[in-house]
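The values are calculated or read from the model by the stated rules, or taken from the named source; none is laboratory data. Since the structure is predicted, the reported quantities are computational estimates derived from the model, not experimental observations. Heads up, the Cβs are rebuilt from the backbone with ideal geometry, glycines too, and the neighbour counts pull from every protein chain shown.
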RNA sequence: GGGGAAGUGGCGGAAUGGCAGACGCAGCCGCCUCAAAAGCGGCCGAGGCAACUCAUGUGGGUUCGACUCCCACCUUCCCCA
């Protein structure tokens, strides 16, 4: 008879089982499986070099969910990969002269080791790395399909330029006017760039948010705001003395008669046309003004600078009032937002009001409040809806009526129409960087812009020192010398469809087969940080809708059925960073506390969506729990090989004393918590692990007093199953020591037995007028009449009822009785 | 400025209309030990000798009963401008 060592040797046990699991490949889903499919994944990491505890929280949660679902009888797909293109590799290459590919490969090697060290059950046979030609080949292929459908195009436009990263950025990557990666203030530059026409899907991206009820409301709101749909009208202003017009978009068409100037962005094409019309002095002033703004960022222009402008010397005609209003070039109108021109209505718009005050432009009120409205001079803009005044035929109408009537009138005159505006702009994907997917386009002097034919894909990323050679290529159409596109793709392109590549990672005829997409999509549960709320998660939805429209996928057109954002991890209340020296590493944690303890701690310390705080004292509590589990099981292990039996035989024993009943109840309460938290997708495993604490406390007490207890034996035999998804190593070790031969991770989870969960005796809480006056031990099935009788026998209750009439009572069966008296 | 989320012991948190503070951390006491660590057992919101009273950011409201629902305010965080 072998006997286990006194102390739980986590280092030995964790290493033993990790090697074993890798060898046995437990976690591959079976394609022909009749069980319902469950596709769960976490956002794939950038291979920065080391896994930190924030990753660990994300993957521990994902792993617990995947293991629970597998044990609940689902055919679980749980893959992992690498978001492997991107700037850090290139910056490391520049700083230290290493090859970005080699640097990335080395990091992947280390981080894959660390993810395995965490005891995670991924299906590694599906692993992808987006920097490999086998992957980015399909990036290029998808890009060409987008281009064929008019969804990828090149144009010259003012774009966000990050001076530090030396590349352009998409709008979503500019946070408060700064680069999302390095926080430098972005500049405006006019460059010819590739865009994806995400705006073509704006309405669907917006409308379908309504159906995404498995997403956090917060994230849906953010996407809604980002898309920024607004109903309004387009109005055409003729330019006096020129055969040109200026379109403006407005949500306040009802204020049209109050327009006293027209404000255009310096980049607006009309500005050049006007030079034929106005004096050289005006032209020079406009040019000087435009130049002063050229490199200024959007943030600087819209909120950091004073509103400034110069009069162009030209006038526009209000299409309804036929009034003549001056055209100004201003810094607060952006060329890329709306049409690059707005009608200035100082009486009813704050920014126009400020501008008009500064340049002494007229302020003409055309809207008054519905009730108590006066025509007294405005001291600030009145921006609410109201009733129209001084608006020709429209005078007296409400704002809403006027908007409709004016839109109809404009449409009849061919001078505008009702129109929808969006804040969302097309996705700029060109990056002036080396370490990314080459855009598969060739520029030929004769044929122009030519797509690289599919059969020539992938366009391989050349070694850095062969770049100039790489750019020279014959035109795929005419064979004459031509030049390749030198820009690479935004890395968000890769991550917009990788969840499909996991399904068919070795397919070399297509990015994925329709058949596997039909079998596995969509992703049942996606877990990742909230920082991608409008980046990755919006781009992915756009791609997936495109795939849907092509018939490349089956089912719905949303990729992620349910989304969960895990919270951050702080260390001793502070954000972890290398400069603070408080980065908690995986290797160190595995060695000092053990992986199971780390996993339990990360799940236990807070609900998963909250920010957690890592402390050494905190994790010591989970180390203690594991040691207590080990000791509580001690006597029952080793010598009892084969006695556990099959699932059917593993029935809870009949016991008659209260302590043992409480133990059986604790076993099933823990199972119930684990199952409920999983199926409700609340994932508050902190409460589940608290149930494990309670269970082990009871086991410990009984193990001392009555080690031969049948209930204790049952708890010992069941514990490994209960904890398997959360602390997979100790679970497997205990399981083996119970004499089991298979893996505990292939077992079915314990089905909570309601009969064991109910208690026979309850504490009936008796209230008088809502305040607790007695706690009475009673049979759980106590009737209402019996409960009242019991309560009225209690001296304290009688004292509080003394001299009062019992008016009524409220009875909550098995819980509470409230006596209402006056 | 607009929108959203949150606020509970010394700390993390539990309770989603029914015993506020489960469970853990820290702390205190005891057992064990030559001693310590570990372990095991107990105590642990405030006031009070006690019966009790007060207590879930603040103030109102709904209800037999509110941490939970509603209104207003304060604070913090997030998003948008």
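How do the pairs read when you match residues in the range A:604-625 that are farther than 24 Å from residue A:591 by Cβ and in contact (Cβ under 8 Å) with a residue 24 or more places away in the chain with residues anywhere that are outside any helix (DSSP H, G or I) and within 6 Å of RNA strand B (Cβ to nearest atom), using Cβ under 6 Å and keeping only pairs 6 or more apart or on different chains?
Final answer for the pair search is A:607/A:684.
From A:204, A:197, A:189, A:218, grab the single residue that is away from RNA strand B (no atom under 14 Å from the Cβ), touching a residue at least 40 places away in the same chain (Cβ under 8 Å) and out of contact with any strand residue (DSSP E or B) (no Cβ under 8 Å at 6 or more places or on another chain).
When all the criteria are applied, what remains is A:204.
So how many residues does the range A:539-562 have that are farther than 22 Å from residue A:490 by Cβ and touching a strand residue (DSSP E or B) at 6+ places or on another chain (Cβ under 9 Å)?
So the count comes out to 2.
Specify the residue that is nearest to RNA strand B (Cβ to nearest atom); the eligible residues are those in the range A:762-771 that are surrounded by 12 or more Cβ atoms within 10 Å (Cβ to Cβ) and more than 13 Å from residue A:815 (Cβ to Cβ).
Among them, the one singled out is A:769.
Quick check on this structure: which one of A:565, A:536, A:593 is over 26 Å from residue A:211 (Cβ atoms) and either out of contact with any strand residue (DSSP E or B) (no Cβ under 9 Å at 6 or more places or on another chain) or within 13 Å of RNA strand B (Cβ to nearest atom) (or both)?
A:593
Restricting attention to the range A:242-275, which residues are touching a residue at least 12 places away in the same chain (Cβ under 8 Å), farther than 30 Å from residue A:395 by Cα and in a loop (DSSP other than H, G, I, E, B)?
A:242, A:265, A:266, A:267, A:268
Could you pull out the residue among A:386, A:344 that is in contact with a strand residue (DSSP E or B) (Cβ under 7 Å, 6 or more places away or on another chain) and at pLDDT 90 or above?
A:344
So residue A:755 clears everything in (1) near RNA strand B (Cβ under 9 Å from one of its atoms); (2) more than 12 Å from residue A:819 (Cβ to Cβ) except one condition, right? Which one?
Only one criterion is unmet by residue A:755, namely (1).
May I ask you to verify whether residue A:617 is within 16 Å of RNA strand B (Cβ to nearest atom), surrounded by fewer than 16 Cβ atoms within 10 Å (Cβ to Cβ) and in a loop (DSSP other than H, G, I, E, B)?
No; evaluated as a whole, the condition is false for this residue.
Which is assigned by TED's automatic domain parsing to the domain that holds residue A:18, free of Cβ contacts under 8 Å to residues at least 40 places away in the same chain, buried (at least 17 other Cβ atoms within 10 Å of the Cβ) and more than 19 Å from residue A:726 (Cβ to Cβ), of A:548, A:565?
Of A:548, A:565, the one residue that is assigned by TED's automatic domain parsing to the domain that holds residue A:18, free of Cβ contacts under 8 Å to residues at least 40 places away in the same chain, buried (at least 17 other Cβ atoms within 10 Å of the Cβ) and more than 19 Å from residue A:726 (Cβ to Cβ) is A:548.
Would you check which residues across the range A:571-585 are more than 16 Å from residue A:48 (Cβ to Cβ) and either surrounded by 18 or more Cβ atoms within 10 Å (Cβ to Cβ) or in contact with a helix residue (DSSP H, G or I) (Cβ under 7 Å, 6 or more places away or on another chain) (or both) and list them?
Within the range A:571-585, A:571 is the sole residue that qualifies.
Please give the number of the condition residue A:202 fails out of (1) closer than 30 Å to residue A:410 by Cα; (2) surrounded by fewer than 17 Cβ atoms within 10 Å (Cβ to Cβ); (3) touching a helix residue (DSSP H, G or I) at 6+ places or on another chain (Cβ under 9 Å).
Result: residue A:202 fails condition (2) only.
Is it true that some residue in the range A:113-123 is in contact (Cβ under 8 Å) with a residue 24 or more places away in the chain, in a helix (DSSP H, G or I) and not assigned by TED's automatic domain parsing to the domain that holds residue A:65?
Checked against the condition, which is being in contact (Cβ under 8 Å) with a residue 24 or more places away in the chain, in a helix (DSSP H, G or I) and not assigned by TED's automatic domain parsing to the domain that holds residue A:65, the range A:113-123 yields no hits at all.
What are the residues in the range A:654-684 that are surrounded by 18 or more Cβ atoms within 10 Å (Cβ to Cβ), within 25 Å of the chain's Cα centre (by Cα), more than 10 Å from RNA strand B (Cβ to nearest atom) and assigned to a helix (DSSP H, G or I), if any?
Listed by number, the residues that qualify are A:674, A:675, A:678.
Pick from A:727, A:822, A:774: which is surrounded by 12 or more Cβ atoms within 10 Å (Cβ to Cβ) and more than 9 Å from RNA strand B (Cβ to nearest atom)?
Testing whether each residue is surrounded by 12 or more Cβ atoms within 10 Å (Cβ to Cβ) and more than 9 Å from RNA strand B (Cβ to nearest atom) leaves just A:727.
Based on what the data block shows, is residue A:290 in contact with a strand residue (DSSP E or B) (Cβ under 8 Å, 6 or more places away or on another chain), at pLDDT 90 or above and either within 29 Å of residue A:155 (Cβ to Cβ) or assigned to a helix (DSSP H, G or I) (or both)?
Considered against the rule, which asks whether it is in contact with a strand residue (DSSP E or B) (Cβ under 8 Å, 6 or more places away or on another chain), at pLDDT 90 or above and either within 29 Å of residue A:155 (Cβ to Cβ) or assigned to a helix (DSSP H, G or I) (or both), residue A:290 comes out as no.
Given (1) surrounded by 12 or more Cβ atoms within 10 Å (Cβ to Cβ); (2) within 16 Å of RNA strand B (Cβ to nearest atom), identify the lone condition not met by residue A:746.
(2)
Give the residue that is nearest to the chain's Cα centre (by Cα), with candidates limited to residues of the range A:23-63 that are under 18 Å from residue A:126 (Cβ atoms) and part of a strand (DSSP E or B).
A:42
Which numbered condition in (1) closer than 30 Å to residue A:57 by Cβ; (2) free of Cβ contacts under 8 Å to residues at least 12 places away in the same chain is the only one that residue A:507 fails?
With (1) closer than 30 Å to residue A:57 by Cβ; (2) free of Cβ contacts under 8 Å to residues at least 12 places away in the same chain applied to residue A:507, the lone miss is (1).
Restricting to the range A:316-356, name every residue that is touching a helix residue (DSSP H, G or I) at 6+ places or on another chain (Cβ under 6 Å) and outside any loop (DSSP other than H, G, I, E, B).
The answer is A:329, A:344, A:346, A:347, A:348, A:352, A:353, A:356.
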